[in-house]
Each structure stands twice: as C-alpha cells, then as structure tokens.
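Note sheet for the following structure.
The numbers here are math on the coordinates, done by the rules we state, and not lab data. Computed from a predicted structure; not experimentally measured. Cβ: placed from backbone, ideal geometry, glycine included. Neighbour counts: every protein chain shown.
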Amino acid sequence: MHNSKFIVSHIAARRDYDVATILYQNNQLDKLFIDAYYNEEHLKVFRFLDVILPKKIVNTYKRYQPSLPHEFIEYDWLLGLKYKLRLKLTNSQTNYKPVLEAYKHLAKNTLAYAKMKAQPHSYYGFDTSSKEFFEWAAPKGWFLILEQCIAPRASQINMLKQFQENYGIDQKINIEQCKMLQAREEKEWQLASIIIAPSEYVKVELLKAGAPEAKIRIVPFGYDLNKHSNFHTGILEKRFSEKSKKIRVLFAGNVVYRKGINEIISIAKDLHNENIEFILAGNIHEAIRKDIKLFNLKNVRILGKLSISALHQEYLKSDIFLFPSYLEGSAMVIFEAMSWGLPVVTTYQSGSVIESGKEGYLCHAGDTEKLKANLLSLVYNNKKRLLMSENARITVEKYSLKYYQDNLLEAINFKDKLATVVH
C-alpha cells in the first residue's frame, strides 16, 4: 500500500510552486525539497538583507517564497547559490553541467529523507531531474509521478539538426547535451508510474520517442487571471477605437532561435513598408541583436527583459501576440497574452490551447509564409481581430488554476484505482 502523501522536489520557483501548493491544499503534501527559499519570519537574516541589499537583488530572492507552512519545506541555500554561480560562470552552450549537478545534489537531499520512510510513499518529480530518485524508489514500490514539462529531447535534437541545416548554426555541443539528457529522461519514463504531459503536442512527441502510452496523462496548465483582475471590456474598446494607428505585434520570451526569432526577423523584413511594429520583450542573444541591426529593421523594437508590470503595459498596448516557437511544453506566455485579450499567431509546437481560426491561428514551426499570412489576416481585418480577441479572453478563463488543480489531482490519484503499479 502506498502512502498518499507526496514528496516533491525541484530547482527554483517552478511555476510558483503550483504542484506542491495543490498537494498541500488537498492534504497530500509530505515535503517540498527546493534550493533557494525566502521566509522572513523563520529565516531572520532576511530582515537584515532586505534592508542593506539593492532592491533588484531583494526582489530576485523574494521570488523563492512558497505559499506553504515552513514545516513542509526542506531548503538548501548553498545548493541554490552554487547553482546560480555556476550558471553565470559556465558557457551557455554547456549549462547542462551545473543543472545536472544541482539535480543530483537535490536528489541526494531528497533521498536522505525518503530512506527514513517505513513504507513506500509517493513522489512527484520533473523530467531529467528525477532519474536518481526513481532508480532508488521504483524497486521499493514507490508511486512515481514524472512531469514532462517540455517536448522530449529526441524532438529537441531534431529541431537542432534543422537549425544546423537551414541556418548554418553549429549545434554540435547542444546536440550532445540533449543526447545526455535524452538517456536520463528515457530511464525516467521506464521507471515512472504516471507521466504528466502539459499538452497534446507533448504527448504526441513522447509517443514518437517511445514513451509508454498507458502511462501518459494530459494535464493542461492553469493561469491565474487574478494577477490582473482589473481587466475589463474597455481595454478592447480602446484598442479598436484608435483610427489609422500602427498595429503592434508583440513577442514575449527569450529572444532565441528556438522561439522562432529567425521567422520574426524574416517577416519584419518582408513587411517593413507596412504600418506594423514588432515588439520583442525578453532577454536577447547578442548575435540576434546584431542581425536586427545588420538588416536595419526599423520596424522592430527591442525592449529586453521587462518587469512584470512593464510587460503588462506592453500587453495592454499591443494588438496581436506572435509566438512562432519550434518547441515548448505548453507556453505559459500564450495563456498570459490571451488573458490580456490578444489574438495569438503561433505554432502547433507551442503546445497552445488555442483553436486555429477561433482565438488566433496555428501553423507548423518554420513555415514563415503561413505565419506571415496568418498575421496579415488579423492586421487587415479589425472585425476578425476583435472577435478573436474576445474569444482568447473567454477561452483562457476555462484554463483556471482550479481547472488545472482538478485535472492534476485526478491524474496523480489514478493510483487509487489500481491494485498494483507495474514499473
């Protein structure tokens, strides 16, 4: 018999600790193992640090603040500091090394606690970070949940090879990195009791990569509309009341090749004479910044990484959200854009919940001409753009945090319907 309480472990403030929070609210959380952790009441050193450190640093570490009682949390600040430092000092192409070291360190912490359990428990982990724990726990009869947050590494390898072939971008190191992670996640699939996929797209890619279909459960993410509860129909009215204004097309996220930045640059070049402005919000690779400067793209504005409030202002001022990503799990930024009433032009590979022709348009990643045609169909048709804006807002309301919670609990409590779990 399995204990129905879960141990959860992950690095950083993954989706604001949503899994652990849901389990706690359902009386199913045993412990959350993390690295960095902020709690002014129990870690009194922060009362001093909050005053003397720059506001930017304080705001950064305050993100590591789960909405959970202190006694449910096991933290390791040394791990968190070493992880962040190694990431900064390591070449971006080999960032998997500090990531894997952090995963193994966290697994060691979690295993030390798990080994004190008198009977098999339940564990919730994330792709490529759970191998060490699964290898110990599976033979002992633990119930093991694996969340596959993004399309599997086999899909990522295919994407990198495509970049190499189409754009001449050397991806040798990245491909080798993915192969190492691929071996880890394939072992995790083998040992997991249940595999959580955030979208139909991820499920399809899992099956292509050889994951067992019987283990896969689709659980779409949820989005907290209360983050900007002041939304009202006046926003859409204002957007569509301005005559002859420049159409603002917003992209938000890391401005990298995987997110489809080459396609955005190509579309911007083709449409440089149109009354359209492309806004890029997010960290940008220096090589991409140089490309935009080289092509003299005056219809592209680079904002860099924005604060949450500044990004919300960009959503308010924009007309269309463009997200031509090659590979995701289920892009949370699309939920966010929809919540601000933006029609979305994206790809099937984004793992989006939109229906093509209803809240926006879908096409395959890399299809620049189709992306451009979809974009222009919204630019030049105010009526269609308004309808899809309204549909986007209505649809995202369905994907609430309550909807996510209900689906997640149903998936992970599937074990209650089984007499045994076969690994």
What FRET efficiency do you get for GLU390 and LEU81 if R0 is 56 Å and r is their Cβ-Cβ distance, rounded to the nearest 0.05?
-> 0.75
Whole-number D in µm² s⁻¹ for the range 1-137, Kirkwood Cα-pair radius fed into Stokes-Einstein, 37 °C, 0.692 mPa s = 206
For ARG301, list long-range residues whose amide hydrogen, built 1.01 Å from N in the peptide plane, is under 5 Å from its own amide hydrogen.
-> PHE278, ILE279, LEU280
Residue-span extension gain [ARG15 to TYR348] - 0.36 nm each, minus C-alpha spacing = 117.7 nm
With Cα atoms, 0 to 90° folded angle of helix 368-379 axis to the chain main axis | 70
Taking the range 283-363 and dividing mean pair separation by its residue count, relative contact order in percent (alpha carbons under 8 Å, at least six apart) = 23
When the charge dipole of the chain is computed with +1 at the Cβ of Lys and Arg and -1 at the Cβ of Asp and Glu, the Cα pointing farthest to the positive end, of ILE279, LEU79, ASN413, is that of ILE279
Across the range 59-69, in residue order, what do the Karplus-derived ³J(HN,Hα) couplings come to in whole Hz, using 6.51 cos²θ - 1.76 cosθ + 1.60 with θ = phi - 60° and x for Gly and Pro?
-> 5, 5, 6, 5, 5, 8, 9, x, 7, 9, x
Subtracting the Cα-Cα distance from 0.36 nm times the residue separation, let me have the gained length for GLU410 to LYS238 in nm, one decimal.
-> 57.8 nm
Under 5 Å between amide H atoms, partner at least 5 residues away or on a different chain: which partners does SER9 have, H built in plane at 1.01 Å?
-> PHE33, TYR124
May I ask you to order 164-175, 185-196, 362-373 by the average number of other C-beta atoms within 10 Å around their residues, highest value first?
-> 185-196, 362-373, 164-175
Considering Cα pairs under 8 angstrom that are at least six residues apart, work out the relative contact order of the range 328-377 and quote it in whole percent.
-> 31
By how many nm would the segment from ALA214 to SER67 lengthen if fully extended, with 0.36 nm per residue of separation less the alpha-carbon distance?
-> 49.6 nm
In the range 225-398, how does Rg compare with the Kirkwood Rh, expressed as the Rg/Rh ratio over alpha carbon atoms?
-> 0.93
For LYS238, counting only aspartates and glutamates whose alpha-carbon sits under 17 Å away and dropping same-chain residues fewer than eight positions off, the answer is GLU314, ASP319, GLU390
Have a look at LEU144, TYR124, ASN254 and report the one farthest towards the positive end of the charge dipole of the range 113-270, computed about the Cα centre with Cβ charges (Lys/Arg +1, Asp/Glu -1).
-> ASN254
Cα-based Rg and Dmax for the range 305-423, where Dmax is the largest Cα-Cα distance (Å) | 17.1, 58
Cross-link pairs LYS179/LYS208; LYS269/LYS290; LYS246/LYS370 - those with Cα-Cα distance over 18 Å = LYS246/LYS370
Normalised by the number of residues in the chain, what is the relative contact order in percent for Cα pairs under 8 Å and 6+ residues apart?
-> 13
Quick one: Cα convex hull volume of the chain, Å³ per residue?
-> 150
Using a basic spin-label model with each label point 7 Å from the Cα along Cα→Cβ, how many nm lie between LEU316 and ASP170?
-> 4.6
Mind putting a number on the dipole of the chain about its Cα centre? Charges go on the C-beta only, +1 for Lys and Arg and -1 for Asp and Glu, and I need it in Debye to the nearest 20.
-> 860
Candidates HIS285, HIS70, HIS42: whichever shows maximal mean-square fluctuation once the chain is modelled as a Gaussian network with Cα springs under 10 Å = HIS42
Mean Cβ neighbour count within 10 Å, used as a protection proxy, ranking 97-108, 257-268, 301-312 highest first | 257-268, 97-108, 301-312
Which chymotrypsin sites (Phe, Trp or Tyr not before Pro) does the range 340-390 hold that lie in a coil by DSSP with at most 13 other beta carbons within 10 Å?
-> TYR380
